[in-house]
Amino acid sequence: MSSDEDQGTIRTPISQRPEWADIEPVPQHDGPNPVVAIAYTDEFVETMDYFRAIYLGNELSTRALHLTAEAIKLNPGNYTIWQFRRQILEALGTELHEELDFVEQIAAASSKNYQIWHHRRWVADKLGPEAVAKEFEFTKKCFDQDAKHYHAWCHRQWVLQAFGGWENELNYCQRLIEDDIFNNSAWNQRFFVITRSPLLGGLEAMRTSEVSYTINSIKAHPENESPWRYLRGLYKNDLQSLATDPLVASICLEVLNTKSNLVHALNMLLDLVSHGLQASEGLRNVVDSLVLDSAPSDLDMARKISLVLELVDPMRANYWRWRRSTVTAQTAPFQNVEGITGLTL
Amino acid sequence: MGELVVEKHTKYIVTVEKSKDSFESVVMEHLRLNGAYWGLTTLDIMGKLDVVDQDEVVSWIMQCQHESGGFGGNIGHDPHLLYTLSAIQVLGLFNKTDVLDIDKVANYIAGLQNADGSFNGDIWGEVDTRFSYIAICSLALLRRLDKINVEKAVEYIVSCKNVDGGFGCTPGAESHAGQIFCCVGALAITGSLDRVDKDLLGWWLCERQLKSGGLNGRPEKLADVCYSWWVLSSLIMIDRVHWIDKDKLIKFILDCQDKEKGGISDRPDDAVDVFHTYFGVAGLSLLEYPGLKPVDPAYALPVDVVNRIFFSK
Ligand SMILES: [Zn+2]
């Protein structure tokens with residue numbers, strides 16, 4: 001790219017550049033000329049005035065391309081400039097590998113705007129599968145700064161689905177989860193990979209190994225909501241099987257026995273019990289030890305659990321109270337059956 | 001906990017709207033129509049819409065419209081769905097939607113639907129569930145939902161649902177409160193809320209409340225006033241708002257006010273902006289804070305405006 005796109009060079013005002021002498025800048029429509037106090041604003045206003053001129057003249061030229069680069073650097077959120085840049089790139093048939101470098105340069109300063117990602121995808125789409133390695137590298141750089149970068153994750157998912165590159169993705173998720181086990185984005189990507197990778201055989205094929213991986217993660221940080229949700233996700237549409245997996249009940253017991261970070265474990269146990277788990281003596285004992293002495297002693301397991309949850313998570317007390325009410329409704333038919341059986345005996 | 005400083009916020013918004021030559025407004029120039037929506041809706045919720053010159057705003061908005069029927073973010077900017085919805089909403093606030101060539105605008109929006117039911121934001125083809133919401137909300141306000149394939153639009157949104165009950169920007173993308181608002185809002189408007197796992201999603205949403213009382217948009221992120229809107233409105237639409245601690249949230253929002261100069265920030269002691277001022281005030285309205293007009297959680301407009309649009313001839 002031309003020298004005036006390099007950072008660090010002293011800027012010549014556009015009005016003093018010979019190649020722009022034929023262009024009459026177009027000031028912004030709706031305001032008086034700003035009384036500019038700082039040089040940066042001077043530069044900004046001048047660049048935008050020249051941009052308006054080439055945009056209105058629909059000038060799809062090399063100098064216009066360079067001007068869009070200057071304008072985007074000053075205002076990367078301005079979508080009109082990006083769109084015009086794409087028009088120019090198309091018209092000139094410009095080699096697009098360099099365009100990836102340009103996007104990277106802009107993203108280094110601010111990667112949290114939609115325009116950068118939209119443009120990046122447009123370029124990558126035109127380059128096709130040869131872009132995969134570079135796109136992985138680019139998103140990785142973003143994750144080094146912010147491992148939950150929403151745009152970067154969406155972009156990475158798009159690359160995987162459009163061009164492949166699944167081979168190392170599960171390992172990559174693993175690495176990010178090791179870096180920060182609370183990174184919900186990495187957990188989401190893990191789920192994306194095990195359910196969508198053409199190489200892994202799908203959710204059912206992955207379930208056993210994933211359950212054990214997840215349970216180990218819960219052991220490390222039982223207060224982390226991500227692996228608990230992930231565990232439920234592994235039994236998507238089949239909570240009955242979740243309730244009969246002995247590993248799940250035992251991780252609940254293990255966490256509850258520590259008497260701290262109870263919310264997620266209790267919530268899971270509540271789900272298990274509501275879906276048919278016959279709680280072991282160990283589980284019953286630990287729940288009993290958590291219930292206030294003032295609670296009625298003849299409560300069923302599910303209602304005891306929700307009472308404890310109301311206590312340990314007061315901010316969501318209404319939610320847990322509601323859970324208690326639905327649990328009662330769910331178990332009621334069984335109690336009725338027992339009652340009727342008792343009568344006929 | 002202090003009160004909502006209505007007069008100060010009014011003054012702040014009017015100043016921002018008028019200061020076209022401030023540095024901030026130069027940088028924001030391309031999304032001024034969004035800014036107008038945030039500022040003017042906030043004023044209306046606070047009962048202060050009469051401080052602005054309606055005719056001036058309406059004539060400016062109409063200059064942002066293109067041949068295609070879509071609106072740009074300001075005069076001289078390319079058309080995009082994002083600004084087209086803002087234009088319709090602001091005209092709705094002023095009861096001026098009749099200045100529009102309704103079918104022209106509706107055709108522009110309908111033309112952005114893809115075969116799979118999703119929507120592009122503009123002719124450049126970016127797909128996102130935000131655009132599904134914007135298209136559906138806009139067309140509903142124009143009473144032209146029949147111009148699109150609603151069934152396919154709903155199917156696409158449902159394909160973005162995750163196992164935690166939330167929604168992302170595209171199928172498989174992480175659940176995010178902003179995207180959840182868009183998806184739940186679009187499903188509410190199209191009468192498809194039965195496609196939401198309300199209990200599961202409601203739990204995910206109420207888990208967003210942190211000890212400070214504020215809400216975050218994803219697990220392990222900071223609380224931010226804008227999520228008061230996205231999380232709250234979603235909870236209301238699925239009828240689960242009583243699952244959070246409303247008083248603590250009200251306190252959190254009020255603590256984000258600049259009590260001297262007006263405006264609301266993302267979290268206490270940060271710099272204020274119009275975007276968060278809108279989300280703070282709209283959030284308080286959803287929390288039934290006294291003195292504010294009620295806001296419709298799906299259309300993101302005052303309820304009386306929505307009623308006027310749907311129940312007028
Ligand atoms: Zn925010």
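Residue count for region B:232-251 satisfying the condition of being in a helix (DSSP H, G or I) and either near the ligand (Cβ under 9 Å from one of its atoms) or open to solvent by less than 10 Å² (accessible area, probe 1.4 Å) (or both): 6.
Does residue B:31 meet the test of being within 12 Å of chain A (Cβ to nearest Cβ), crowded, with 18+ Cβ neighbours inside 10 Å and part of a helix (DSSP H, G or I)? Criteria met by residue B:31.
Taking the criterion of being within 13 Å of chain A (Cβ to nearest Cβ) and open to solvent by less than 40 Å² (accessible area, probe 1.4 Å), the residues of region B:209-226 that qualify are B:209, B:213, B:214, B:215, B:216, B:217, B:218, B:219, B:223. In the set (1) away from the ligand (no atom under 16 Å from the Cβ); (2) within 21 Å of the chain's Cα centre (by Cα); (3) closer than 20 Å to residue B:174 by Cβ; (4) assigned to a loop (DSSP other than H, G, I, E, B), residue B:293 fails one condition alone, (3). Scanning region A:71-108 for residues that are closer than 15 Å to residue A:127 by Cα, within 14 Å of chain B (Cβ to nearest Cβ) and open to solvent by 10 Å² or more (accessible area, probe 1.4 Å) returns a single hit, A:90.
Cβ-Cβ distance below 7 Å, separation of 6 or more or different chains: which pairs start in region B:258-277 with a residue that is more than 14 Å from every other protein chain (Cβ to nearest Cβ) and free of Cβ contacts under 8 Å to residues at least 24 places away in the same chain and end on one that is open to solvent by 50 Å² or more (accessible area, probe 1.4 Å) and more than 9 Å from the ligand (Cβ to nearest atom)? Once the first residue is more than 14 Å from every other protein chain (Cβ to nearest Cβ) and free of Cβ contacts under 8 Å to residues at least 24 places away in the same chain and sits in region B:258-277, its partners that are open to solvent by 50 Å² or more (accessible area, probe 1.4 Å) and more than 9 Å from the ligand (Cβ to nearest atom) give B:268/B:255.
Of the residues B:89, B:113, only one is under 25 Å from residue B:296 (Cβ atoms) and touching a residue at least 60 places away in the same chain (Cβ under 8 Å); which?
Details: B:113 fails: touching a residue at least 60 places away in the same chain (Cβ under 8 Å).
Only one candidate passes the filter, namely B:89.
Residue-level check: of (1) open to solvent by less than 40 Å² (accessible area, probe 1.4 Å); (2) within 14 Å of chain B (Cβ to nearest Cβ); (3) under 17 Å from the mean Cα position of the chain (by Cα), residue A:179 misses just (1).
Would you be able to tell me the number of residues in region A:160-176 that are at the interface with chain B (Cβ under 10 Å from one of its Cβ atoms) and touching a Phe, Trp or Tyr at 6+ places or on another chain (Cβ under 9 Å)? Before the answer, list the steps.
Step one: filter region A:160-176 for residues at the interface with chain B (Cβ under 10 Å from one of its Cβ atoms), giving A:160-161.
Okay, now just the ones that are also touching a Phe, Trp or Tyr at 6+ places or on another chain (Cβ under 9 Å), so A:160.
Counting residues in region A:160-176 that are at the interface with chain B (Cβ under 10 Å from one of its Cβ atoms) and touching a Phe, Trp or Tyr at 6+ places or on another chain (Cβ under 9 Å) gives 1.
Would you call residue A:152 at pLDDT 95 or above, part of a helix (DSSP H, G or I) and open to solvent by less than 30 Å² (accessible area, probe 1.4 Å)? Yes: the conditions hold for residue A:152. Considering region B:296-305, the residues that are open to solvent by 10 Å² or more (accessible area, probe 1.4 Å) and part of a helix (DSSP H, G or I) include one that is farthest from the ligand (Cβ to nearest atom), namely B:304.
Within the set A:247, A:266, A:253, A:277, the sole residue that is of a type in the set (A, V, I, L, M) and open to solvent by less than 20 Å² (accessible area, probe 1.4 Å) turns out to be A:266. Looking only at region A:221-244, residues that are in contact (Cβ under 8 Å) with a residue 24 or more places away in the chain, in a loop (DSSP other than H, G, I, E, B) and more than 10 Å from every other protein chain (Cβ to nearest Cβ) come to 3 in all. So, of the residues in region B:256-281 that are more than 13 Å from the ligand (Cβ to nearest atom) and open to solvent by less than 30 Å² (accessible area, probe 1.4 Å), which turns out to be farthest from residue B:183 (Cα to Cα)? Here the answer is B:262. Within region A:110-121, track down each residue that is surrounded by fewer than 21 Cβ atoms within 10 Å (Cβ to Cβ) and closer than 15 Å to residue A:81 by Cβ. Correct list: A:110, A:113, A:114. Could you grab the pairs with beta carbons closer than 6 Å, sequence gap of 6+ or different chains, first residue in region A:187-214 and within 16 Å of residue A:231 (Cβ to Cβ) and crowded, with 17+ Cβ neighbours inside 10 Å, second one of a type in the set (Phe, Trp, Tyr) and at pLDDT 95 or above? Qualifying pairs under 6 Å: A:187/A:230; A:214/A:230. When region B:155-180 is filtered for residues that are part of a helix (DSSP H, G or I) and either open to solvent by less than 10 Å² (accessible area, probe 1.4 Å) or within 14 Å of chain A (Cβ to nearest Cβ) (or both), the ones remaining, listed by number, are B:157, B:177, B:178, B:179, B:180.
Scoring residue B:229 on the criteria (1) open to solvent by less than 10 Å² (accessible area, probe 1.4 Å); (2) modelled with pLDDT of 95 or more; (3) not β-branched (Val, Ile, Thr) leaves a single failure, condition (2).
When region A:233-242 is filtered for residues that are surrounded by fewer than 19 Cβ atoms within 10 Å (Cβ to Cβ) and at pLDDT 95 or above, nothing remains.
The values are calculated or read from the model by the stated rules, or taken from the named source; none is laboratory data. These figures come from a predicted structure and were not determined experimentally. As a convention, Cβ positions derive from the backbone with ideal geometry for all residues, glycine included, and neighbour counts pool all protein chains shown. We work out accessible area using only protein heavy atoms, side chains counted, and drop any ligands, DNA or RNA first. Shrake-Rupley method; radii C 1.70, N 1.55, O 1.52, S 1.80 Å.
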